[in-house]
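**Student:** Structure provided below as structure tokens; questions to follow.
The values are calculated or read from the model by the stated rules, or taken from the named source; none is laboratory data. The shown structure was predicted, so the numbers you read here are calculated from the model rather than taken from an experiment. Cβ: placed from backbone, ideal geometry, glycine included. Neighbour counts: every protein chain shown. Quick note on the areas: whole protein, heavy atoms, side chains included, nothing else; ligands and nucleic acids left out. Shrake-Rupley method; radii C 1.70, N 1.55, O 1.52, S 1.80 Å.
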Amino acid sequence: MKLTGKEVAHVASLARLAMSEDETEKFTSQLNAILEFADKLNLLETKDILPTAHVLPLKNVFREDRICPGLERKEALLNAPEEEEGMFRVPRVIE
Amino acid sequence: MSKYATVIGLEVHIELATASKIFCSCPTEFGKEPNTHVCPVCLGLPGSLPVLNRRVVEFAIKAGLALNCEIPRFAKFDRKNYFYPDLPKAYQISQYDLPLAVSGYLEFALNGETKRVGITRVHIEEDAGKLVHGDFADYSLADYNRTGVPLIEIVSEPDLRSPEEAKAYLEKLKSVIQYTGISDVKMEEGSLRCDANVSIMPAGSKEFGTRSEIKNMNSFKAVQRGLVYEVDRQKEVLEAGGKVVQETRRWDEHKGITFSMRSKEEAHDYRYFPDPDLVPIIVEHDWVEEIRQSLPEMPDARRTRYVSEWGLPEYDAAVITASKAMSDFFEATLAEYHDAKAVANSLMGEILKYLNAHGIEIHQTRLTPSHLAELLKLQTDGTISGKIAKTVFEEMFSSGKKPAEIVKEQGLVQISDKDAIAAIVEQVITDNPKSVEDFKAGTEKAIGFLVGQVMKISKGRANPEMVNQLLREKLR
Amino acid sequence: MLEECTVAEALKLLGKKEISALELTEAALHRVEAVDERIKAFVTVTRNEALATAALVDAKRLSGEEMPPLAGIPMALKDNMCTKGVLTTCSSKILDNFKPPYDATVVELLRDAGTVLLGKTNLDEFAMGSSTENSALFTTRNPWDVERVPGGSSGGSAAAVAADEVCFALGSDTGGSIRQPAAFCGVVGLKPTYGRVSRYGLIAFASSLDQIGPFTKDIWDCALVMNAIAGYDSRDTTSVPLASPDYTAQLLGGVKGLRIGVPKEYFAAGIDRDVRNAVQKALNVLVALGAEAEEISLPHTDYGIPVYYLIAPAEASSNLARYDGVQYGYRAEADNLLEMYKKTRSQGFGSEVKRRIMLGTYALSSGYYDAYYLKALKVRTLIKQDFDEAFKKFDLILTPTAPSTAFPVGTVEDPLTMYLNDICTIPVNLAGLPALSMPCGFVNNLPVGLQLIGKPFAEATILQAAYAYEQHSGLAKKKPVLSGKGVPKDE
């Protein structure tokens, strides 16, 4: 076992996912199976290998500092679950 | 000698003065109706992609060079993942391990000594939106106009040893950035924001204490007050036998305290990783040099030059060069009027007083360098007195008229006609027998009163030297 | 039958004024009405807009205006491409009411090319899956056997083309999501080189792997659609500033002297014997036509799946964090923000999506980044080097597309077993290469897919070889029989 139920609950919390005990249990076993499968990678020595985050040799892709019209406010708010005074309304933040 | 030593490092966020946002073409303009400067990219809509604004990179490199940093050849962007309603993508595009500028320093003077503070790094990131919380409402409102405005974060080494030093560092940083022209650096408008890492340790110790991070100090004064409070708080904790906890604390300006921002959630784990939507920035030597060439003369260089070239006192040079606008104004005035000390005196006297009273910078007034030079010439050739010059200043600030015009319109030309002055002197002697008596009896200051009376009758226009001379002659 | 037309055939009929765009669109809509109850390819059918667009095309044609290259051709888009004002759901509850305020670049390009959008097609939720069974809406059915899956994640697009509901469709491919359903449904599917087609407006799953590409009835059509969608886009930083060629220009070039590498790892034990045989026969045809073939080794092939299942979920965990109920999409009732986040995301995402978000969050989390995510990026380098090495000697690499033919709905329950479906396609995404799947035979009346992998930006070479093979095999004309089988049983 690589991951305990407690760790799975922690990861769920980081990802803002609520999880019942049953779900946590199911995910724990599934994630462990996948991670064990991923252990295969440790068969490879990669100390001197550079990571590939991008396959393309692109660099320095820029746009010029110019203004273009964006969205109308009503378009921006079109999908808002709740709206007030031209802003997106969200439940109170509890720190 | 205090029992404890203070250790402070500052993280300063500066909004860059680009026309458009960092990853999209929306304007960065401040203060518009909510959610009117937005597009799919800065709203983080599904499917949208960022494209980097070239000027943001150039500005950040400029800041790095102005802070004596090295510019590594390779830089990249990373995602900082966290959930908050002001962050539409639920990640902030920032730079984690490979920032644009590293290993610099900034020097500032405090109490006659020069202090050097290390600059760890300068990196680029995007700003978040604005949340409006009602005082009693059980909800918040999100406005994304500010989302994606380009920021640089300047991280100092923990080299600052007092709140006073922190404030002096910040003032110097503001000045240097202002010279580069990459930002308005207005703390009050939020274009310069400062967080501090603070700890204390027993005096003489080499090992830093546990630090707290202080947020929400929104003015230079607040930075100093907040840090003084926090240092004292940590001392009290230690004195009471307690331990300082590593935590984030918020400065409350009204109550004058810092308080813990305890989170119900576990400690942040930002899960930084390279942003696959962006490609690396390769900064070749030529590009760095090109940007270096575009840097203006920095305040320290100017200060030294003012002392050596113009013979200004060190203090005057420091005051004038602290603001780029002031320093530019000084130089433009000097081109037309060659007495540096006289120009410095006007700037540091009447003009600075006016600017401070109105909370503005010199370029925001109607005063021009030519007008100041002209005013100083009017004083030198005796057309007006120093006292009258103050009246003219006020008019220049408000109307923007040429000083000669003001002097003519208001009849402020100095009276240097001996007979005219003598007539007034006679009248004052007649009208103030008591003061005359006092002076003759040896009360030297009584002459001051008499001079004042002459000036009053002449509406300030009488040549003060001649008044003094004539009075003494008559009373001898 | 009008709906059976390829793009090229339809263009010819339209050009000769034998049919109108409206007739063509109506034929497609009739076909959708007739078969989609069984196939379930479409999430949204934009009937009225399609008829209006087609009428507009006809009006232009009548006025004698010069027509864009694909004027009047009905097509469909996978429902993870943003269409302004038209529902774009990613087949997820969390976006089931989302109408984007903008069009994806490919949508603009296809509009400029004169095509008629017929609707949006079903996918595994957020393109995570290999069967469309992970769609939160319904499972799409394979036109060759409606009891079987169409493959995934672009199962809706593949099935819509295979069932003649549209002339062509677009899909997206992150680990095989165009090629595997193309193989299962017996159509042509191309995943272009990473950076060839703009991703702007494609709802991201794993940004360093995602790429949009066409599903067509034959190779010629594939080239025609590529002509419309390939090219640089200043809105996508990872789009490559290279001029794209006319993809039809090289089609008749034949395969004489073309060097084909055949990696032994792709013909190993995990691949069905029948599939291997069909692919081997296709290879024999190519050799008979003048190609040179040689067995090669891509030694890191087996590491593809674990690398992919760390990198793709890591990127996805971040890409899908924005679905938090604040700005758009589903929002659960809650009296504070944290509750709102957790309820919205738990109720809005299906289990496969949650599984991958969890996996990715873990792989990036403090203390595990080096062991999982960074390790995967390094092995990705090794996989890419295998291909770089092979392409020094060869023009193309030939493999099966999928280890089996389409499997019955509901039979693969274990996530890891499902992941193994992508064993032949994943390494291609990790290396950013172009690859095409086309039918190369049938096993029990189910299509088998042949995969041709090319050098970066060498789509034209792939199409050239594929065209030569297709001309010989005649398989493009083989159609599923949709009568006979009834409506699939309720899920």
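**Student:** Residue by residue through region C:172-186, which ³J(HN,Hα) values in whole Hz follow from phi under the Karplus form 6.51 cos²θ - 1.76 cosθ + 1.60 (θ = phi - 60°), with glycine and proline marked x?
**Tutor:** Couplings: 10, 9, 10, x, x, 5, 9, 5, 5, x, 4, 5, 5, 9, x Hz.
**Student:** What is the sum of charges, Lys and Arg at +1 and Asp and Glu at -1, for the other residues whose Cβ falls under 14 Å from the Cβ of B:VAL283?
**Tutor:** Values: positive: A:LYS59, B:ARG54, B:LYS62, B:ARG73, B:LYS76, B:ARG292; negative: B:GLU58, B:GLU70, B:GLU284, B:ASP286, B:GLU289, B:GLU290.
So the environment of B:VAL283 carries a net charge of 0.
**Student:** Roll a 1.4 Å probe over the protein heavy atoms and report the accessible area of B:ILE457 in Å², nearest 10.
**Tutor:** Roughly 80 Å² of B:ILE457 is accessible to a 1.4 Å probe.
**Student:** A further question follows. Between B:GLN246 and B:GLU207, what is 0.36 nm times their sequence separation minus the Cα-Cα distance? Round to one decimal in nm. Show your work: numbers first, answer last.
**Tutor:** Numbers: separation 39, 0.36 × 39 = 14.04 nm, distance 1.54 nm.
My answer for the length gained is 12.5 nm.
**Student:** Given points 7 Å out from each Cα along the Cα-Cβ axis, report the B:LYS32 to A:GLU83 separation in nanometres with one decimal.
**Tutor:** For B:LYS32 paired with A:GLU83, the spin-label model returns 1.7 nm.
**Student:** Here is a further query. Report the calculated FRET efficiency for C:ASP96 and A:LEU58 (r = Cβ-Cβ distance, R0 = 41 Å), to the nearest 0.05. Before the final figure, lay out each step's value.
**Tutor:** Details: r = 36 Å, r/R0 = 0.87.
After rounding, the FRET efficiency stands at 0.70.
**Student:** Now for a different question. Which value, in Å² and to the nearest 10, is the accessible area of B:LYS402 when all protein chains are kept and the probe is 1.4 Å?
**Tutor:** Taking all protein chains as shown, B:LYS402 has close to 100 Å².
**Student:** Roughly how crowded by other chains is peptide B:281-289, in terms of the mean Cβ count from those chains within 10 Å of each of its Cβ atoms? It would help to have the intermediate numbers written out before the result.
**Tutor:** Values: counts 4, 2, 2, 1, 0, 0, 1, 0, 0.
The shielding value for this peptide is 1.
**Student:** From the backbone phi of region B:141-152, what are the Karplus-calculated ³J(HN,Hα) couplings (6.51 cos²θ - 1.76 cosθ + 1.60, θ = phi - 60°) in whole Hz, Gly and Pro given as x?
**Tutor:** In residue order, the calculated couplings are 10, 10, 10, 9, 4, 7, 4, x, 5, x, 10, 10 Hz.
**Student:** To the nearest hundred square angstrom, how large is the accessible surface buried between C and A, total for both chains, probe 1.4 angstrom?
**Tutor:** Values: alone 18820 and 9970 Å², together 23570 Å².
The summed interface area works out to 5200 Å².
**Student:** Scaled to the compact-protein estimate 2.2 N^0.38 Å, what is the alpha-carbon radius of gyration of region C:1-126, rounded to two decimal places? Don't skip to the answer; put the middle values down first.
**Tutor:** Working: Rg = 14.8 Å, N = 126, 2.2 N^0.38 = 13.8 Å.
Region C:1-126 yields a ratio of 1.07.
**Student:** Which FRET efficiency, nearest 0.05, do B:ILE282 and C:GLU295 yield, Cβ-Cβ r, R0 51 Å?
**Tutor:** Working: r = 40 Å, r/R0 = 0.78.
That pair, B:ILE282 with C:GLU295, gives E of 0.80.
**Student:** What does the average come to when, for each residue of peptide C:333-341, you count the partner chain Cβ atoms lying within 10 Å of its Cβ?
**Tutor:** Details: counts 1, 2, 5, 7, 11, 10, 3, 6, 10.
Going residue by residue through C:333-341 and averaging, the value is 6.
**Student:** Per residue, how much accessible area does chain C show when a 1.4 Å probe rolls over the protein heavy atoms, in square angstrom?
**Tutor:** Details: 15090 Å² over 491 residues.
With the other protein chains kept in place, chain C gives 31 Å² per residue.
**Student:** When Rg is the radius of gyration of the Cα atoms in chain C and Rh is its Kirkwood radius, what does Rg/Rh come to? Mind showing how you got there, number by number?
**Tutor:** Values: Rg = 21.2 Å, Rh = 22.3 Å.
Taking Rg over the Kirkwood Rh, I get 0.95.
**Student:** Principal axis lengths of region C:355-439 from Cα atoms, whole Å, largest first?
**Tutor:** The principal-axis extents, from largest down, are 43, 39, 14 Å.
**Student:** Note down the accessible area of C:TRP220, probe 1.4 Å, to the nearest 10 Å².
**Tutor:** In the full protein context, C:TRP220 sits at about 80 Å².
**Student:** For the charge dipole of the protein assembly as shown, defined by +1 on Lys and Arg C-beta atoms and -1 on Asp and Glu C-beta atoms about the Cα centroid, which residue among C:THR44, B:ILE415, B:CYS39 has the Cα displaced farthest towards the positive pole?
**Tutor:** Working it through, the farthest residue towards the positive pole turns out to be B:ILE415.
**Student:** As a test of the definition: with a 1.4 Å probe, what buried accessible area, both sides summed, do you compute for A against B, in Å² to the nearest 100?
**Tutor:** Values: alone 9970 and 24560 Å², together 30690 Å².
Buried: approximately 3800 Å² between B and A.
**Student:** Out of every Cα pair in the protein assembly as shown, what percent are spaced more than 57 Å from each other? Please list the in-between numbers first.
**Tutor:** Numbers: 163618 of 563391 pairs.
Percentage above 57 Å: 29.
**Student:** Per residue of C:367-379, what is the mean number of Cβ atoms on other protein chains within 10 angstrom of that residue's Cβ?
**Tutor:** Values: counts 1, 6, 3, 0, 6, 3, 5, 4, 7, 5, 9, 10, 9.
Mean shielding by partner chains, rounded to a whole number: 5.
**Student:** Cross-link list C:LYS256/C:LYS392; A:LYS6/B:LYS215; C:LYS40/C:LYS342: which exceed 26 angstrom alpha carbon to alpha carbon?
**Tutor:** On the way: C:LYS256/C:LYS392 18 Å; A:LYS6/B:LYS215 32 Å; C:LYS40/C:LYS342 31 Å.
The pairs that break the limit, which is 26 Å between Cα atoms, are A:LYS6/B:LYS215; C:LYS40/C:LYS342.
**Student:** Which FRET efficiency value, to the nearest 0.05, is calculated for C:GLU333 and B:VAL132 with the Förster distance at 30 angstrom and r the Cβ-Cβ distance?
**Tutor:** Computed FRET efficiency for C:GLU333 and B:VAL132: 0.85.
**Student:** If you roll a 1.4 angstrom probe over the protein chains with everything in place, what fraction of the accessible area of the protein assembly as shown belongs to carbon and sulfur, to the nearest %? All intermediate terms of the calculation are to be shown ahead of the outcome.
**Tutor:** Details: 21080 of 41940 Å².
Within the protein assembly as shown, the accessible surface is 50 percent carbon and sulfur.
**Student:** Follow-up. Once amide H atoms are placed 1.01 Å from N in the peptide plane, what residues at a sequence separation of 5 or more from C:GLU292, or on another chain, have their amide H within under 5 Å of its amide H?
**Tutor:** Amide H neighbours of C:GLU292: C:GLY257, C:LEU258, C:ARG259, C:ILE260.
**Student:** Averaging the inverse of every distinct alpha carbon separation and then flipping it gives the Kirkwood radius. What is it for region B:297-409, in angstrom units?
**Tutor:** 14.2
**Student:** Also: Return the long-range amide H neighbours of B:ARG249 (sequence gap of 5 or more, or a different chain), with a cut-off of under 5 Å between placed amide H atoms.
**Tutor:** Those qualifying (amide H under 5 Å, at least 5 residues apart or on another chain) are B:GLU213, B:ILE214, B:LYS215, B:MET261.
**Student:** Over what distance in Å are the Cα centres of region B:424-438 and region B:142-168 separated?
**Tutor:** When both Cα centres are located, 64 Å separates them.
**Student:** Same structure again: Report the paramagnetic label zone for B:ASP339: residues of region B:375-412 whose backbone N is under 15 Å from a point 7 Å from Cα along the Cα-to-Cβ axis.
**Tutor:** B:375-390
**Student:** I would also like to ask the following. So with the 1.4 Å probe, I'd like the accessible area per residue for region B:418-475, rounded to whole Å². Don't skip to the end; give the middle numbers.
**Tutor:** Working: 3390 Å² over 58 residues.
I get 58 Å² per residue for region B:418-475.
**Student:** Also, I was wondering about something else. Among the listed pairs C:LYS60/C:LYS99; A:LYS74/C:LYS343; B:LYS174/B:LYS243; A:LYS47/B:LYS115, which have their C-alpha atoms separated by more than 31 angstrom in this model?
**Tutor:** Numbers: C:LYS60/C:LYS99 29 Å; A:LYS74/C:LYS343 27 Å; B:LYS174/B:LYS243 35 Å; A:LYS47/B:LYS115 43 Å.
Cα-Cα > 31 Å for B:LYS174/B:LYS243; A:LYS47/B:LYS115; rest within.
**Student:** Around A:ASP39, under 11 Å between beta carbons, what's the net of Lys plus Arg minus Asp minus Glu among the other residues? Write down the numbers at each step before the final one.
**Tutor:** Details: positive: A:LYS2, A:LYS40, C:LYS375; negative: A:GLU36.
Result for the neighbourhood of A:ASP39: +2.
**Student:** Arrange the residues B:ARG472, C:ARG331 by how much accessible surface each exposes, largest first, with a 1.4 angstrom probe. Could you put the intermediate results ahead of the total?
**Tutor:** Numbers: B:ARG472 90, C:ARG331 45 Å².
So the residues, ranked largest to smallest area, are B:ARG472, C:ARG331.
**Student:** When all alpha-carbon pairs of region B:4-128 are counted, what percent fall beyond 22 Å? Can you show the working numbers first?
**Tutor:** Values: 3529 of 7750 pairs.
Percentage above 22 Å: 46.
**Student:** In nm, to one decimal, how far is the C:GLU49 label point from the C:GLU4 one, both placed 7 Å along Cα→Cβ?
**Tutor:** 3.1
**Student:** A further question on this structure: Within a Cβ distance under 15 Å of B:GLU314, other residues only, what is the Lys/Arg minus Asp/Glu net charge? Each step should come with its number before you reach the end.
**Tutor:** Numbers: positive: B:ARG302, B:ARG303, B:ARG305, B:LYS341; negative: B:GLU107, B:GLU113, B:ASP300, B:GLU309, B:ASP316.
In short, -1.
**Student:** Sticking with this one: Would you please give the residues with an amide H less than 5 Å from that of A:GLU84, counting only those at least 5 places away or on a separate chain, with H modeled from the backbone geometry?
**Tutor:** Those lying under 5 Å, H to H, from A:GLU84 are A:ARG89.
**Student:** Give the whole-number value, in cubic angstrom per residue, of the convex hull volume spanned by the C-alpha atoms of chain B. Before the final figure, lay out the partial values.
**Tutor:** Details: hull volume 109.7 nm³, N = 476.
In chain B, the Cα convex hull volume per residue is 230 Å³.
**Student:** Any chance you could get the radius of gyration and Dmax over the Cα atoms of region B:418-475, in Å?
**Tutor:** 10.2, 29
**Student:** Taking a spot 7 Å from the Cα of A:ILE49 along the direction of its beta carbon, which residues of region C:361-396 have an amide N less than 13 Å from it?
**Tutor:** C:372-387
**Student:** Just to be sure I understand the curve: with the Debye formula and one point per C-alpha of region C:332-491, what is log10 I(q)/I(0) at q = 0.16 Å⁻¹?
**Tutor:** Normalising to I(0) and taking log10 leaves -1.11.
**Student:** How much space per residue, in cubic angstrom, does the convex hull of the C-alpha atoms of chain A take up?
**Tutor:** Value for chain A: 263 Å³ per residue.
**Student:** Taking every pair of alpha-carbon atoms in region C:343-396, what share in percent sits in each 10 Å bin, from 0 to the bin with the longest distance?
**Tutor:** All Cα pairs, binned at 10 Å, distribute as 21, 28, 25, 20, 6, 1 percent.
**Student:** May I pose another question? How big is region C:127-187 by the Kirkwood estimate over distinct Cα pairs, in Å?
**Tutor:** Working: mean 1/r = 0.0927 Å⁻¹.
Computed over Cα pairs of region C:127-187, the Kirkwood hydrodynamic radius comes out at 10.8 Å.
**Student:** Still on this structure: If the label point is 7 Å along Cα→Cβ of C:GLN347, which residues in region C:317-332 have backbone nitrogen under 18 Å from it?
**Tutor:** Inside the label zone: C:323-332.
**Student:** With axes computed from alpha carbons, what is the tilt in degrees of helix B:446-457 against the longest principal axis of chain B, rounded to the nearest 10 within 0 to 90?
**Tutor:** For B:446-457 against chain B, the angle is about 90 degrees.
**Student:** Does anyone have the angle between helix B:324-334 and the longest principal axis of chain B? Alpha-carbon axes, 0 to 90°, nearest 10?
**Tutor:** For helix B:324-334, the angle is close to 30 degrees.
**Student:** List, in order, the whole-Hz ³J(HN,Hα) value for each residue of region C:468-479 obtained from phi through the Karplus relation with A = 6.51, B = -1.76, C = 1.60 and θ = phi - 60°; use x for Gly and Pro.
**Tutor:** Computed from phi, the couplings for region C:468-479 are 4, 5, 4, 4, 6, 7, x, 5, 4, 7, 6, 10 Hz.
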